[in-house]
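*Asks:* Quick one: the structure is below, questions incoming.
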């Protein structure tokens, strides 16, 4: 974190702190945090952003964890081209309809028009599957399971929200083909649980695993599963990651005609899956854990987990610096991401700077600590005047610090989980639906799962929200709709009410379904 020079009236002036209130000015708060904590910088193409080193380091932690999961499962990494031909992209009608408003087309090379336009990938099914059709011939070629880490362009026309909704983003996308439906179904759930683990065990964000409605599933999929996240400060949901079973939609003769000979030499089409996890996860993490001082980084993804601040008095610097270096070396040797902040700033400035950047633990070492062989630790997620911890510097120090980092992760997760549970409300009647949403909540309701009913829910909830004036968020940089939609049909289901009717249309209810306003 380099020093900043104050320049009056300049965009580059040092602003160690957040003026916006997270609860009252969520959009402004979020934009201040991601800029001032040096995660994002603007670019001269609207909806595109620069990931600064802090943000990219978080993505690398996510990538490392998830890449380890999928490689252990037997998936192989690969890379396919950025561009997709018009013929390939338009081959599957429902797939194209799902993406066509967001597809960016390349029509010129230099001063010459291309003979046929090519698209920048909005996703890679139509890029990969003509090639996969060449790779699969026999049942011995199955299962085929590949993944790529790459960028995606979707030319969103909605107001951009960095990390959450941008025109270019980073992700992994996995693609697989199986001989049996059971193998495909098993992988869908296996991958979805990897996504859950990344959110919960790495980012300390609780999620709700479930199945998407027919209206909300991936274009061309047989079914879509999801992990849904929740932002307590504004009551909005975020689709965290998805794992799809595509069935034989793309392998069919009408599409890419992917075939194989089974053990009886009969020609068959494989069952396919696709699955993806994006940098949206970073935005969710920031929104869930951040506070009015800035970032609060979960320790397992924090680029710097521990910062050591030497506190100098009356020229007693050498012994303090030596002790700080000794502690730092001890922590680094134990695999803890630690650093000493020796910048020529006063301790108060450094405290504010590290709070803004969300460093999980701050260690102070002064002359008295050197004399007593102790140090003082402050946790980023605790108020400044509370829970300061004094530890002896001994051979067990690294383990004590590691335990504190784990405890901070657990506390962040539990706090977010409690908020999710408290702001998930059950309703059984339409009259309760919009008023419950307006309590910054998501709603569980008995539902018939009909496409027409969901369209009615969206339309009617939007109209009632506008009539009630509930859509008055002081959002800066984006305006969120008052309409609600289905988020997922949670896998964990309570018994339906005795009357068993849909809360909206009165037809027979099939499941408890989670609804909410979302990004």
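What follows draws every value from the coordinates through simple rules; no lab data is involved. Just so it is clear, the model here is predicted, and its values are computed rather than measured.
*Asks:* If I take every Cα pair under 8 Å that is 6 or more residues apart in region 306-404, average their sequence separation and divide by the length, what percent do I get for the relative contact order? Walk me through the intermediate numbers first.
*Replies:* On the way: 133 pairs, mean separation 30.2, N = 99.
It comes to 31 percent, rounded to a whole number.
*Asks:* So how far, in whole Å, is the C-alpha centre of region 171-242 from the one of region 273-325?
*Replies:* Measuring centre to centre over Cα atoms gives 28 Å.
*Asks:* Angle, helix 26-36 long axis vs. longest principal axis of the chain, Cα atoms, 0 to 90°, nearest 10?
*Replies:* Approximately 60 degrees, to the nearest ten.
*Asks:* As I understand it, the value is the acute angle between the Cα axis of helix 53-72 and the longest principal axis of the Cα atoms of the chain; what does it come to in degrees, rounded to 10?
*Replies:* 50 degrees
*Asks:* What's the center-to-center distance, using Cα atoms, between region 366-434 and region 499-519 in Å?
*Replies:* Region 366-434 and region 499-519 have Cα centres separated by 37 Å.
*Asks:* When every alpha-carbon pair in region 217-366 is counted, what percent end up more than 20 Å apart? Display every interim value, and only then the final one.
*Replies:* On the way: 7488 of 11175 pairs.
Beyond 20 Å sits 67 percent of the P(r) for region 217-366.
*Asks:* Further question: Can you give me the relative contact order of the chain as a percent, contacts being Cα pairs under 8 Å and 6 or more apart?
*Replies:* Relative contact order of the chain: 15 percent.
*Asks:* Mean separation of Cα pairs under 8 Å and 6+ residues apart, divided by the residue count of region 26-289: what relative contact order is that in percent? Present the calculation step by step, with values, prior to reporting the outcome.
*Replies:* Details: 489 pairs, mean separation 50.7, N = 264.
Relative contact order comes out at 19 percent.
*Asks:* Could you work out the helix-only [θ] at 222 nm for the chain, with each DSSP H run of four or more residues adding -39,500 (n - 2.57) and the total divided by the number of residues, to the nearest 500 deg cm²/dmol? Write down the numbers at each step before the final one.
*Replies:* On the way: 13 runs with 161 residues, N = 519.
The helix-only estimate for the chain comes to -9500 deg cm²/dmol at 222 nm.
*Asks:* Would you compute, for the Cα atoms of region 19-164, the largest minus smallest coordinate along each principal axis and list the three values in descending order, in whole Å?
*Replies:* 62, 46, 30
*Asks:* In addition: In region 306-404, what is the volume of the convex hull around the alpha carbon atoms, normalised per residue and reported in Å³?
*Replies:* Numbers: hull volume 9.6 nm³, N = 99.
It is 96 Å³ per residue.
*Asks:* Also: As I understand it, the value is the acute angle between the Cα axis of helix 347-356 and the longest principal axis of the Cα atoms of the chain; what does it come to in degrees, rounded to 10?
*Replies:* For helix 347-356, the angle is close to 10 degrees.
*Asks:* What Kirkwood radius, in Å to one decimal, follows from the Cα pairs of the chain?
*Replies:* Working: mean 1/r = 0.0395 Å⁻¹.
Radius from the Kirkwood sum: 25.3 Å.
*Asks:* A follow-up question, please. Kirkwood-based Rg over Rh for region 26-289 (C-alpha set), two decimals? Can you show the working numbers first?
*Replies:* Details: Rg = 19.0 Å, Rh = 19.5 Å.
Using only Cα positions, Rg/Rh for region 26-289 is 0.98.
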